[in-house]
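The values are calculated or read from the model by the stated rules, or taken from the named source; none is laboratory data. These numbers were taken from a predicted model, which means no experiment stands behind them. All Cβ positions, glycine included, derive from the backbone under ideal geometry; neighbour counts span all protein chains shown.
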Amino acid sequence: MNHGVEFKNITKRYGSDASAPLAVKGITFEIKKGSLTTILGPSGCGKTTTLRMIAGLESPTSGQIIMDGQDVTTLGPAQRNVSMMFQSYALFPHMDVIENVMYGLKMSNVPKAQALQRATDALKNVGLVGYNERLPSELSGGQQQRVALARALVLEPAVLLFDEPLSNLDARLRREMREEIRGLQQRLGLTVAYVTHDQSEALAVSDQIIVMDHGIIAQRGTPQDLYEFPASEFVAGFMGEAMLFPAESLATGQVKLGPLQLTPKKPVAAGKVKVAVRPEAWQINPPGSGMAAKLAKSAYLGSFYEYTFESELGSIFVVSPDLVNVLTVGADVSLSLSSHGVSVVAVS
């Protein structure tokens with residue numbers, strides 16, 4: 001069996017009222033063994049409910065959940081070989097680091113000497129050698145995160161679950177920990193389901209991304225698939241802050257966007273379409289070599305500038321890495337499009 005987790009037409013309704021709305025509406029997907037799948041979407045889309053059903057913390061209303069070839073639909077958390085790492089870390093404040101990591105093994109009646117060795121190895125895996133006797137209150141947020149990760153790893157789960165694991169960390173630590181999680185997952189061959197609302201986090205760590213919207217799967221695929229070939233306006237707008245513009249697909253195969261013409265990466269039927277353009281896709285040129293635009297707003301963010309231009313397409317948000325040729329508000333320019341970061345989607 002090649003799949004660590006399979007969802008087959010899973011629905012979830014909270015409560016016993018058959019007229020209550022479904023939180024999850026008949027979703028089907030697979031998580032390949034030894035891979036990391038991120039379930040991504042805005043608040044209320046059903047992603048955490050889906051993760052809790054993998055964990056056995058919620059039961060589906062209908063459908064089937066298969067883990068490692070076994071039907072676990074009706075099994076509780078203790079009967080599934082899964083570990084879940086929560087947003088809050090949930091460390092015991094009165095226990096030191098090694099006791100926190102050993103806790104699950106102790107509850108499973110693993111002999112103390114064996115539990116100590118496994119806990120020591122788990123802490124070594126997350127880079128926390130020499131921290132055994134510290135209390136959680138004596139650790140930084142990133143160190144607490146590593147203890148929680150070690151506690152999940154020490155149980156040697158078939159599936160490791162993460163629920164918004166990095167949301168409590170600052171930007172630098174978030175980057176470090178997502179690299180840590182991805183590195184461990186690949187090195188140890190872990191099967192991971194990972195929930196987040198952060199698109200850049202999902203792009204950085206995932207083999208597969210499942211984008212959810214109002215309880216359904218809007219699209220799933222590799223990070224590159226979802227970024228470069230969004231299947232809908234929702235996915236295009238959610239992945240990478242794309243702006244959507246009305247356009248027309250011509251019989252020639254070209255797409256007309258205002259005064260600009262572009263060639264879509266995939267053939268598109270003639271008619272009304274929308275073009276999703278990410279901020280980095282716009283190229284800024286001297287006047288007369290593209291679509292005329294005037295700079296309305298400018299913001300310096302250290303490694304790049306954020307510009308807002310007014311044009312015949314309306315306001316356009318542009319990210320520019322050019323820190324030398326800085327534009328001043330009121331400047332006249334021409335805008336053109338690069339091939340990367342531009343997608344054509346059907347009108348929904």
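When you look at Q114, is it surrounded by fewer than 13 Cβ atoms within 10 Å (Cβ to Cβ), assigned to a helix (DSSP H, G or I) and out of contact with any Ser or Thr (no Cβ under 7 Å at 6 or more places or on another chain), yes or no?
yes
Looking at T328, is it exposed (fewer than 12 other Cβ atoms within 10 Å of the Cβ) and either under 30 Å from the mean Cα position of the chain (by Cα) or among the polar types (S, T, N, Q) (or both)?
When the stated conditions are applied, T328 passes them.
Is it true that some residue in segment 39-50 is at negative phi, touching a helix residue (DSSP H, G or I) at 6+ places or on another chain (Cβ under 7 Å) and among the charged types (D, E, K, R)?
No.
Given the condition farther than 30 Å from Q79 by Cβ, surrounded by fewer than 20 Cβ atoms within 10 Å (Cβ to Cβ) and either of a type outside the set (D, E, K, R) or in contact with a strand residue (DSSP E or B) (Cβ under 6 Å, 6 or more places away or on another chain) (or both), answer yes or no: does some residue in segment 150-166 qualify?
Our first condition is that a residue be farther than 30 Å from Q79 by Cβ; within segment 150-166, this holds for none.
No, segment 150-166 has no match at all.
Picking from S88, S16, which residue would you name as being assigned by TED's automatic domain parsing to the domain that holds A204, in a loop (DSSP other than H, G, I, E, B), free of Cβ contacts under 8 Å to residues at least 40 places away in the same chain and at negative phi?
Result: S16 is the single residue among S88, S16 that is assigned by TED's automatic domain parsing to the domain that holds A204, in a loop (DSSP other than H, G, I, E, B), free of Cβ contacts under 8 Å to residues at least 40 places away in the same chain and at negative phi.
Quick one: which residue in A292, A346, A296 is within 19 Å of G237 (Cα to Cα) and either in contact (Cβ under 8 Å) with a residue 12 or more places away in the chain or of a type in the set (S, T, Y) (or both)?
Numbers: A292 fails: within 19 Å of G237 (Cα to Cα); A296 fails: within 19 Å of G237 (Cα to Cα).
From the options A292, A346, A296, the qualifying one is A346.
When you look at N132, is it over 22 Å from L57 (Cβ atoms) and either surrounded by 19 or more Cβ atoms within 10 Å (Cβ to Cβ) or not charged (D, E, K, R) (or both), yes or no?
yes
For (1) surrounded by 14 or more Cβ atoms within 10 Å (Cβ to Cβ); (2) out of contact with any Leu (no Cβ under 9 Å at 6 or more places or on another chain); (3) modelled with pLDDT of 95 or more, each residue gets a yes or a no:
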site: M1; (1), (2), (3): no, yes, no
site: F7; (1), (2), (3): yes, yes, yes
site: I10; (1), (2), (3): yes, yes, yes
site: R13; (1), (2), (3): yes, no, no
site: P21; (1), (2), (3): no, yes, no
site: G26; (1), (2), (3): yes, yes, yes
site: G41; (1), (2), (3): yes, yes, no
site: T48; (1), (2), (3): yes, yes, no
